[in-house]
1. Distance from the Cα centre of the range 215-264 to that of the range 68-143, in angstrom?
2. With the cut-off at 1.5 for a/c, could you classify the range 221-267 from its C-alpha gyration tensor as rounded, prolate or oblate?
3. Given a 1.4 Å probe and the protein chains all in place, what does the accessible area of Val138 round to, in Å² to the nearest 10?
4. Which order do His205, His66 take when ranked by solvent-accessible area (1.4 Å probe, heavy atoms of all protein chains), largest first?
5. Accessible area, 1.4 Å probe, largest first: how do Arg301, Arg25, Arg239 sort?
6. For Arg150, Arg296, Arg233, give the ranking by accessible area with the largest first, probe 1.4 Å.
7. Leaving ligands, DNA and RNA out of it, report the carbon-plus-sulfur percent of the accessible area of the range 227-324 at a 1.4 Å probe.
8. I need the shape label for the range 170-324. Rule: rounded when a/c is under 1.5, else prolate if a/b > b/c, else oblate, with a, b, c from the alpha carbon gyration tensor.
Amino acid sequence: MAALLVLFFLGSLAVTLAAAAFFARRLDRIGLRLGLPETLLGLLTALAADAPEAASAIAALVKGAHGVGVGVILGSNVFNLAAMVGFSAILCGGIRIRPEALAVESAVGLAATLIVGALVLELVGPWAALALLAAVLVPYLTLLGLGPRRAPAPLRRFFGEPHRPDHVLVHGEKVLVPALTLLPALVIIVAGSTGMVEAALELAHRWSVPEMLVGIVVLAVLTSLPNAFTAARLALQRRGSAVVSETLNSNTTNLLVGISIPALFLTLGSTSALTAFDLAWLLLMTVVVVALFAQRTGVKRSGGAAILALYAVFIAVQIASAAT
């Protein structure tokens, strides 16, 4: 029976990752054809690649596995910083971003982390957290909606590199048809993530593995692989603005969709000392990543190695905590 569960888990994982990778590539391609700026492309890619993490977290919370649900999101966000920025910087030799883009993206990302951290620690309620997130995200999305041509002059460089539109208006062959394939891919992602959580929880119960470890290490890493793959591809293409936008927006989306909105209807469970550590480490790594990008040379290979080292400490703490 355990062997069948393992096969089911691996099959669900493979289907989820394949659908998420397809979704992210197709959405990026549509954005390029429409001539969208890099920052907006990063946001769209983050929304596409985040589906496995959010779906897995919600599925776990619905089943009452609160530690797994919160763990998937916090673990995914820490892994995103390590893989999407740290590993990508080592892979391509370095990542740079315009100061204007870094200022806006980091302000939104850090604010969202602090707000949802306060929610998880029960310092604010779900509705108050959503109101605070709206105060941060609505101006950000409004700025994105204005675009580089209508945005205030000091913020026009925030959007990163522009792209020449390459879409076809007649019958919409180059945009409409690819867009129609996004919904089936999203359905597959949700179904695969649900199956993956079911199998992982059952295996954890059979093998006496702590649920928190399953969520914050196993599911967090595996469901974040589409993000890591996409960020590496963008970094190799020297699209630094898109990498940073995808990374920080991915983390913000996870916190919003995977924790804040479900908290309106589902309990997040009691807060443990490990959860408080995870939140603090996520905030620390976010600050470190922002500080490295603030350098004139951006995040070089040495900076990427430092980020990966911080992630290694995070994993070591999770394993040590599970062993006690």
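The values are calculated or read from the model by the stated rules, or taken from the named source; none is laboratory data. Remember, predicted model here, so these are calculated numbers, not experimental data. Accessible surface areas use protein heavy atoms only, side chains included; no ligands, DNA or RNA. Shrake-Rupley method; radii C 1.70, N 1.55, O 1.52, S 1.80 Å.
1. Distance between centres, Cα-based: 9 Å.
2. oblate
3. Only protein atoms counted, so the area is about 80 Å².
4. His205, His66
5. These residues rank, largest area first, as Arg301, Arg25, Arg239.
6. Per-residue accessible area, sorted high to low, gives Arg296, Arg150, Arg233.
7. Result for the range 227-324: 71 percent of the exposed heavy-atom area is carbon or sulfur.
8. The shape class here is oblate.
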